[in-house]
Each structure stands twice: as C-alpha cells, then as structure tokens.
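Structure first, then comments.
The values are calculated or read from the model by the stated rules, or taken from the named source; none is laboratory data. Since we're looking at a predicted model, the values are computed, not measured. So basically every Cβ, Gly included, is an ideal-geometry build from the backbone, and we count neighbours across all protein chains shown. These accessible areas exclude ligands, DNA and RNA; they are computed on the full protein's heavy atoms, side chains included. Shrake-Rupley method; radii C 1.70, N 1.55, O 1.52, S 1.80 Å.
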Amino acid sequence: MISAWDRPAPEASPLARTNAAGMDLAGLRHLLADLGEPPWRGAQLFEGLYRHRWTRWEQFTSLSKELRTRLSGTVDLAWPGLVQSRTSEDGSTKHAFQLADDRQVEGVFMPYEGRVTLCLSSQVGCAMGCTFCATGQMGILRNLTAAEIVGQVVAMLNHHGHPEGRPINLVFMGMGEPLHNLDHLMAAFALLTDPKGLAIPPRRITVSTSGLVSGIERLGAFPKRPRLALSLNATTDEHRSRIMPVNRVWNLEALAQALGRFPLQSGERITLEYVLLKGVTDGLEDGRRLAAFARRFPSKINLIPFNPHEGSGFEPPDEARVGALCRLLVEAGLTVSVRRSRGQDVAGACGQLVRNLRLGPHPGPEVED
Ligand code: SAH
Ligand code: SF4
C-alpha cells in the first residue's frame, strides 16, 4: 500500500538570496571564503547565530564593521518571523511563525520553575491523517527546513528574553510528523545541540512519532539522537487503525518489536503518549492492554485527555475515568503522568495546532528536569 507518508514530503522552495540563518559551520566557512575572508571566521558567525542568538548583522560586533556591511549587502539573516503570540492564563505562550512562502506554523513556549519547554513544529501540516488531530486534517503541505526548525527556538527564546545557560527542553509535538522529515530534523538537532551554539543536551530533546517504524529504525541508528516518544493512543489494532491510519501499515505488534529493538542508553525510557478519547480509548480494558504494551520495553506513560477542536467528533474523557486509568497503571507498577494541557484557552494544546491562532495546537509534556 502506498500511503502519503511513504513519499517524501514536498520541500520549501529555494530562497532568492543566500541566508546565513540555519547554516552549519561548514556552510558558514564557505560563505566567508566566497567573500574572500579567512574561513576560520565561520566559528565567530556560528557563535553569534546560535550562542548569542543575534538576528541582525550589526549585532555581530566580533566581526569588523566593514565585513558586517558587506554581509548585510549580500547575505540574508532571516529566521521565521514571529507574527502572532497569545499568552494563556497558565503562562504558556503560543506563537505563530511566518515562513518565507507565507505559510505559518506554530510553537509553544512553556515556562516552568528554573527551565523552559518549547514545543516545536516539524512540518507544515501532516501526512499521517490521524482522525482526532486538527493538524492531521490539514494534510501535508511541506517539510520545514532545519533553519525553520531552529528558527522557532531562536525566535521564542529571544522574544521571552531567555537567559543563556537556563535549561531548555524541546519537544517535537507541534505540527507534523518529525520522522517524516528526519533529514532536516537531524540537521536541526546538530545545530541545537552543538556545544558552541545553543548547547541543548540531546537528552532534553524529545521527538514524538505516530509510529512510523521505518523512521524509528533510522533514528535508532544515529550515534547521537533525541529521545523518543510514541503516540500510542489505542490498544487494539482495530481501534488504532481507525484513528491512526499508520497502524494499517505497522500494527501494534510491529511497533512493540521496533521499540524493543530501539537502542536505549542506560536509564533512558521511551515515552508512551496516550490520548484519552471518551468512549473510544478510555476503557479500563484499554488501561490493562496499555500496561501490557508498556512492559515490553523501558517506558513511561503520559496520559493526555483529548483537547476538543471544532468538528473532531471526539470528546474528552470524564475526570473520574482519567483518575481510574491512572491508578490502574500505577498499581501495575508503571510510571505515569497526566498531561494537563497548558495553553488550552489559546488553543495551544496538543492537536489543536492548525493554520492560524484563531483555530489554532499544543501541551505541557513530561520531559527531563
Ligand atoms: N506527529 C507526532 C507529533 C505531533 S502530535 C505524533 O503524532 O506523535 C503530538 C501529540 O499530540 C501526539 O501524542 C498526538 O497524539 C497528540 N494529539 C493530537 N491531537 C490531539 C488532541 N486533539 N488532543 C490531545 N492530544 C492530541
Ligand atoms: Fe500528524 Fe501527530 Fe496529528 Fe497524527 S497526531 S496527524 S502524526 S501531527
């Protein structure tokens, strides 16, 4: 069966001018060499871009004024623009980013005591077609580039004045299926984790997948990689195939085997996200099957009450049922958290991320402290 996710997603159109934002060190060295400058200055550019998060050439005071003038005449420094921001009562802010082709994606800034978690998008839309997810209903428009992924981080940190050195967690739980855009995702990961740049430790970056087994296997082969979360969301093939079409290709058994083979580091666990849809996935029998699935590899469970959005046809679970499921899993000896979605009043909770803030997705996920 050929599915939308078997094909590579469309890519961004090439830009008219060279853009330094999102370039890696080798690219920056080439750029300077082309301008007749010593390539070692590339490291200064790299630090300015990713450590200091400078966004205008005049801020690059480590370079001569003459070089800054030449750069601003020939090379763009263009991150995605932050076009709309809405802060929720709980302090999380949902941002809409304008891309060079006028498309928009969304990210969420969630401050916690002493750290921050940023929820990032990986694609414009999504090919996976999950029936409960607003992004899934858009279809796939295109992949984000590495620059557009890193740009969401730079723009949000700058907007909120995040001080260098304070811990940052990143979760790819916004728009898109990150493992359907693995090349750009890993290029962004290299920039985000570089000790001379943003220096975010790999263990603080979590990629959430709907269960693209080919992508899980490719990700596991990288010597340095982000952590993995799986959106399980249902415990029988019948139910899962109905709400997540990817399950018709890789069913629960194929998934469990792929996760069992995933090369975890010592102490590392796979997060199982489980969206509770009233009357569909929130039964106590589901809880027991979820427990059995979770025991097959080192895992922790994150229960996510469904965030309603217009026309979805699903409803959130009753509070009492969330509590009962949580108890059942804890009694089964599993690590469980319930995601109290942050930013719900600005449509910033998971699966509500769509084309614009009016309709708008996303959550307060469990990550490393
Ligand atoms: N595509 C990836 C990552 C983005 S979705 C994935 O599916 O894992 C991030 C999380 O939001 C997933 O766990 C998904 O199941 C969940 N989600 C999607 N729509 C939701 C909704 N309306 N309410 C609650 N969670 C939702
Ligand atoms: Fe795509 Fe994730 Fe939404 Fe499914 S839940 S449609 S994979 S964004």
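Numerical summary
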{"item": "Rg ratio (alpha-carbon, reference 2.2 N^0.38 Å) - the stretch 283-336", "result": "1.24"}
{"item": "Net dipole in debye of the stretch 125-234 [+1 Lys, Arg Cβ; -1 Asp, Glu Cβ; about Cα centre; nearest 20]", "result": "280"}
{"item": "Electrostatic dipole magnitude of the chain [Cβ: Lys, Arg +1; Asp, Glu -1; Cα centre; debye, to 20]", "result": "500"}
{"item": "Segment residue 269-residue 52, length gained on full extension (0.36 nm per residue, minus Cα span)", "result": "74.9 nm"}
{"item": "Residues whose placed amide H lies under 5 Å from that of residue 276, excluding near-sequence neighbours", "result": "304, 306"}
{"item": "Cut-off under 5 Å, modelled amide H: who pairs with residue 337 long-range", "result": "301, 302, 303"}
{"item": "Separation of alpha-carbon centers, the stretch 70-143 and the stretch 1-68, rounded to whole Å", "result": "20"}
{"item": "Accessible carbon and sulfur surface of the chain relative to its total accessible area, %, 1.4 Å", "result": "50"}
{"item": "Built amide H within the under 5 Å cut-off of residue 21, gap 5+", "result": "78"}
{"item": "Stokes-Einstein translational diffusion, the stretch 64-163 - Kirkwood Rh over all Cα pairs, 1.567 mPa s, 4 °C, in µm²/s", "result": "85"}
{"item": "Counting DSSP beta bridges with both ends in the chain, the antiparallel % (nearest 5)", "result": "45"}
{"item": "Probe 1.4 Å, protein heavy atoms only - accessible area per residue of the stretch 122-242 in square angstrom", "result": "30"}
{"item": "Rg over Rh [alpha-carbon atoms, Kirkwood Rh] for the chain", "result": "0.98"}
{"item": "Euclidean distance between Cα centres, the stretch 184-206 to the stretch 277-302, Å", "result": "31"}
